[in-house]
Amino acid sequence: MKKAIVLGNIITMDERKPTAKAAFVKDGVFVYIGDAAEAKKLAGDDAQILDYGDNFVYPGFLEAHCHPYLAGDRAVGQANLAKAGLVTD
């Protein structure tokens, strides 16, 4: 059984509780998301701790970089659907 505690500023994507400080993951499944003390209590002493400090932990993959010299290339391949009557301004 693989267990890990993730510590950091966790973005949950839950409107009722948008952020948390810890998550307990067991066998690849998020079992608990909330405060660090409770996560550690649930996981036990043998869990791996991944401490990201004040950094943010986001769900999924976010592509956050861009190569400015390619910006013009992206615009070349885009279609203007407004001219086809499919989209209005």
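Details
- Screening Tyr32, Tyr58 for residues that are under 30 Å from Ile10 (Cβ atoms), among the hydroxyl-bearing types (Ser, Thr, Tyr) and at pLDDT below 90 leaves exactly one candidate, Tyr58.
- Residue check for Leu81: modelled with pLDDT under 95, open to solvent by less than 100 Å² (accessible area, probe 1.4 Å), of a type in the set (A, V, I, L, M, F, W, C) and assigned to a helix (DSSP H, G or I): no
- Across region 24-52, the number of residues qualifying as touching a residue at least 24 places away in the same chain (Cβ under 8 Å), assigned to a strand (DSSP E or B) and open to solvent by 70 Å² or more (accessible area, probe 1.4 Å) comes to 5.
- Checking Gly53, Gly44, Gly60, Gly34 one by one, the residue that is farther than 14 Å from Lys3 by Cα and in contact with a Lys or Arg (Cβ under 9 Å, 6 or more places away or on another chain) is Gly34 and no other.
- Residue match in region 1-9 (condition: among the β-branched types (Val, Ile, Thr), touching a strand residue (DSSP E or B) at 6+ places or on another chain (Cβ under 8 Å), at pLDDT 60 or above and open to solvent by less than 60 Å² (accessible area, probe 1.4 Å)): yes
- Top-ranked residue in region 11-23 [being part of a loop (DSSP other than H, G, I, E, B) and among the basic types (Lys, Arg); ranked as least open to solvent (accessible area, probe 1.4 Å)]: Lys17
The values are calculated or read from the model by the stated rules, or taken from the named source; none is laboratory data. Source: prediction; values computed, not measured. Cβ: placed from backbone, ideal geometry, glycine included. Neighbour counts: every protein chain shown. SASA here: full protein model, heavy atoms, side chains in, ligands and nucleic acids out. Shrake-Rupley method; radii C 1.70, N 1.55, O 1.52, S 1.80 Å.
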